[in-house]
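No lab work stands behind these numbers, since they all come straight from the coordinates. Every value quoted in this text rests on a predicted model; they were computed, and no experiment measured them. Cβ atoms come from the backbone with ideal geometry, glycine included; neighbour counts cover every protein chain shown.
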Amino acid sequence: MYKKEKKKCSNPECKKVFVAKVYNAIYCSAECRRIITNKNLLANYYEKKNNKNKKRICKTDGCTTILSKYNKEKICENCKRERFVKRLMSWGWTEEHARRGMQ
């Protein structure tokens, strides 16, 4: 059974202490949740709008690849592949086996 506990609202403007009705509640009310959701949606909208007309460069150190406007991520495909190969090698794969299916 879930033990109801007092939590602090995650809305920085509210910070009201409330008794959570469910274990994963982080906002004191639907109004606080709506405010934060709308704020996040607007931030994402303006970030996408700003990125639409400027050149984005891969965030990997040493890589200067210009990203396509259709690439939603912050790194290029080559860097993504290299990161995946390194992850497989850390799990015990040999480099030859890790690269085999990527050609």
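The single condition among (1) under 30 Å from Lys48 (Cβ atoms); (2) in a loop (DSSP other than H, G, I, E, B) that Asn78 does not meet is (2).
Note on region 4-60: among residues that are touching a strand residue (DSSP E or B) at 6+ places or on another chain (Cβ under 7 Å) and within 30 Å of Lys80 (Cβ to Cβ), the one that is surrounded by the fewest Cβ atoms within 10 Å (Cβ to Cβ) is Lys55.
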